Every structure is written in C-alpha cells, then in structure tokens.
Amino acid sequence: MSRPYLHPGLPAPAPSDLDRPYWDGLRNDKLLLQRCRRCARFQWGPEWICHRCLNFDLSFDEVEPLGTIFSHQRVWHPVHPALKKQGAYVIVLVELTHADNVRVVGNLLGDPAQPLRIGAEVEGVFEHHHDGEPAYSLLQWRYV
Amino acid sequence: MTLRSRTAVVGVGETAYYKRGQAPDAEFKLALEAIVSACADAGIHPRDIDGFASFSNDRNDPSQLAAALGCRELRFANMQWGGGGGGGSAAIGNAAAAIMSGMAECVVVFRALAQGQYGRFGQGAQAPTVSGNLAHTVPYGLLSPAHMFAMKYRRFMYEFGVEQSALRAIALACYEHAQANPRAVMHGRPLDAATYDESRWIVEPWHLYDCCLENDGAAAMILVAGERARDFPHLPCYVLSAVAGSQFRAGAPVHNTPDYATSNFKTLVPRLYQMARLGPADIDVLQSYENFTGGVLMSIVEHGLCKAGEVNEFFVPDNLTAPDGQLPLNTSGGNLAECYMHGLGLNIEAVRQIRRTSTAQVANAEVSMVISGPMVTPVSSCIFGSEATL
C-alpha cells in the first residue's frame, strides 16, 4: 500500500523472543498467531505458556486475516508528537473468525469519520514500513 | 473471621491540591505533609505509626518516610500491585488486615503525586521502539489510558444500549458537588449540560469532561484497631469490608480478556457485600473512581446499584447528587472535579460522610462505599460504616 494509515513517528514494534514469528509473518503478508502444539488452540497476545493446558510447546500458525469488529474507538486528542497533525483516527478491536475468537488491535482504513459498526466483517491489509528502523509491518483492517 | 469492624479510620489528611506540575514542593514532602496532617487529625504523633500501605507503585519509600517522621518502629511496609487507582481500597484492606492480624498497630495509607517532578500520565510512549504487549497496540496509536479503556466501555454501550446522557450525568454530579467543596480544583468552575455536550472529544465516546484531572498533592489516612476507635477525636469510621482482585484472565494480553465489557468487579462484589453483611440497598453514599465516566457507570452496575438495562433512566443528575439523590455520587467532586490523587481522596471523602463533615453531606449516612480504579486489574472496593452499623 502507498501510505501508512497513521503519520510516521510513532514507536516501531521491536520483536521479542516471544513474538518474533508474528512480526516476521507480517513482513511476508502472513498473519501468524500463537497456537498450542498440544491442545491446538490459538491464544493472543503471545504468552510463554498455553493458558488452557499449560503446555510450553507453542507454535505460530497462519490464520486467515478475517474477522468482525468487536469494539472500536475514534481518537481525537493527540497524545504523541507524531499525531499532532493526524486528526481523528480509528482503532478497532477485531475478533478473528478462524482462530478461536482471539482479538487483535489495528486501525480501520478509510475515512476516519465513517460509521463504526460493532459486528461488521473486516479483512486484514498488510501495511509495510520498509523504511522503519528496523523495518516492520502492521496489520490494518477494512470493511469487507 | 473477616475484616468487618475490626479496624477504623481515625485520621485523614490531605495537602492542598494543585494542577498537574504546579505543586511547590517535592513529592516526598507532599507525602510527609499529608501524613503529618492525618496524624494531627487523629490526635496522634507520627512516631506512633508502625505501618505504611500504598498502591500504584508510589515512589515514596516507607523506610524513608518512617525515618523522616521519627517512627519508633517499622512493622509493615506494603505495596498493592497494579497501576492506576485500582489499589486504593485494597491498600486500606491491606492496612486493616495487618492490624487485625497483629502485624502492626497503627498503619497509614497514603498516596503522593507530583507530576512536575516526575513524568506525566496520559502521554504516550516516547521511545523509538516498543516491545512486548505494547508492540501490539502502540504502533496503531493506542497509547494512553483513555485508549486502553474506551473500547471496553464502547462494547458495554453496545451490549446494553447506553446513551451519552448517562455519562454526562456522572460528570454533572461531580462538578455540582465540587462547587460546594472549597478544596476542589474545579470549585468555582461549574459545568452545565450544554458545555459538556459541546466539549471536545478526547476519544469517542468520552468527551473532555468524561476524563479525570491530573493533579499534584498527597493524601493519607490512619487506621487502628476498631476497639480503639472511640478514643480518637472524630466520629468512628469502621472498615466493614475491603476486597481486591479481578475475574478469570482479566490480565490477558492485548485486549483478549474473555469478559471484555466489564470494569472487573463482578467477582469482587459478592465478597464485598458478604464481608460487610450488607447489600446494595444499604449503601447510603458512593464514591466511585473516575478515570473515565464509563468506568464509573460499569462499576455501579457491577456493584448491583443499578441494572444494566436501566442505566439510561438511572443515570440522571438528580439521582446522583446529594443530599436527596437516590445514590449520591462523588460528593467531594471526585477525580473529575476535586482532585486526582489516584482515588485516595475518594476514600477520604467516604470517611467524611460517616463523620458528617462532607461539604455535600448525605443525611444519616451510615454506610459509605468506595469503588477504586475500574477497568484496571486488580481493582478494589471498600465499605465504611458508622457506629450504628456494628
């Protein structure tokens, strides 16, 4: 995509030992989420242990980036210098359709004034920050 | 055996409350001033304090406070984990537990904040990178406490059809009470419905007036064993109950807690009332922590004071204002209009109601409840009672 949703200058994600496969996946247009190798259930955000069966052996498996808006917020007041000239922007909490209903946070692409609808179907859009320091990718959302 | 009536608050103290960054004194000095003031109120010498309890990673170390105050002996130095104001009532419970168990005899609960001296709340991460759970929210502009909680309340609004007027009623009640309270930062600055409606959004569904102040100052309260309460200058104010915690996986990372649209009190409330041997109908006056008005609304529902399906009818200013409202709320002005001392000011106001010294006094207030820090984890609540409740 041509231009990131938010103005540049917000902190960039720095992968950790716990979530590196996720960030590597986004770089390659794949959504990889943490999954227990024993009980085969997804969990998110990443944890050191499967909170269901207490297994430490966890993988990152690909998930189709489809979901519904579980909740949302339209932010107006800038709390970071990078956002001073941003104007309103929309954050959505998306419940994924194919990953045991785990939720991920992202932005809803499009006019920030557009109606926000809990329950609406959305699809993921990979947003690459090739010139990030380090380079990274985010997962954004748009109405289906 | 529970905490019920085993301890009492016998002294309260506060510094003057300042706008954020405008305190003339260092944070440690503010803490000392509030503690000395609470001791004077109780008619004791600070040397008699043998325990300290605080919350939210207060920076003022009990050993240093005890040294500065000349305390004869330090027996209890306690910090309730968790951020925001979720630990306010928990710290009182911890102090009470220490006293009733014989670990200490005279415990001060305190909180001091000087944001000029230290960093400011409500500002996003300024570092070039973020890692861990923050990496999954901050790059999307989810930065401040308002952002962290707005989607919980939005979901609650959606599930129960809550209208904006319910939040407005909370803000109006707080500001009305602040007009009677000369200590309040917003004393002399009344708020009306039109001003609320026209105020800018911070983050939808929260206007400017739905968000707490940021202040400098300090607050403290002195607890001793309940059987000593009559030996002090003021009307006794007993701790009837104090509980803390949160539900299953409230701390699940990146907004994945199973029960999302909650202020996190559902599992605490049965324990709170059971310990107090009281129910929602017995609550005469309520102080409920406003980080954001949406948290107040959800916490009031979760404490059984209003049904979720009836919030639009219940949350009107007349119901929430002293002296005649059905549920007088935040009678000092609260975090919205008196001062944001991470909510300890709310606990002090709850004591004033039992002492009959509030500037928005509820007639015959015998049972006075405090809800601390909705939507964070752990949260806490406590109930104070007059002698008539024993």
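The values are calculated or read from the model by the stated rules, or taken from the named source; none is laboratory data. Not measured: the values here are computed from a predicted model. Cβ: placed from backbone, ideal geometry, glycine included. Neighbour counts: every protein chain shown.
Here are some notes:
- Count - residues of the range A:92-144 that are without any contact (Cβ under 8 Å) to a residue 12 or more places away in the chain and in contact with a strand residue (DSSP E or B) (Cβ under 6 Å, 6 or more places away or on another chain): 1
- Some residue of the range B:208-218 being free of Cβ contacts under 8 Å to residues at least 24 places away in the same chain and within 14 Å of another protein chain (Cβ to nearest Cβ): yes
- As for the range B:221-232, it holds at least one residue that is surrounded by 18 or more Cβ atoms within 10 Å (Cβ to Cβ) and assigned to a loop (DSSP other than H, G, I, E, B).
- Scanning the range A:90-130 for residues that are more than 17 Å from residue B:136 (Cα to Cα) and assigned to a strand (DSSP E or B) yields A:121, A:122, A:123.
- Flag if residue B:219 is in contact with a helix residue (DSSP H, G or I) (Cβ under 8 Å, 6 or more places away or on another chain), within 24 Å of residue B:327 (Cβ to Cβ) and small (Gly, Ala, Ser): yes
- Being part of a helix (DSSP H, G or I), touching a residue at least 40 places away in the same chain (Cβ under 8 Å) and more than 30 Å from residue B:149 (Cβ to Cβ) holds for only one residue in B:5, B:37, and it is B:37.
- Qualifying residue in the range B:173-194 (condition: in a helix (DSSP H, G or I), surrounded by fewer than 23 Cβ atoms within 10 Å (Cβ to Cβ) and within 14 Å of another protein chain (Cβ to nearest Cβ)): no
- Residues satisfying the stated conditions in the range B:232-270, i.e. free of Cβ contacts under 8 Å to residues at least 60 places away in the same chain, under 29 Å from residue B:365 (Cα atoms) and either within 12 Å of another protein chain (Cβ to nearest Cβ) or out of contact with any Asp or Glu (no Cβ under 6 Å at 6 or more places or on another chain) (or both): B:267, B:270
- Residue in the range A:43-52 that is surrounded by fewer than 18 Cβ atoms within 10 Å (Cβ to Cβ), in a helix (DSSP H, G or I), of a type outside the set (S, T, N, Q) and modelled with pLDDT of 95 or more present: no
- Residue satisfying all of: in the range B:294-336; in contact (Cβ under 8 Å) with a residue 24 or more places away in the chain and of a type in the set (S, T, N, Q); surrounded by the most Cβ atoms within 10 Å (Cβ to Cβ) among these: B:331
- Selection over the range A:50-81 of residues that are farther than 21 Å from residue B:152 by Cβ and more than 12 Å from chain B (Cβ to nearest Cβ) gives a count of 15.
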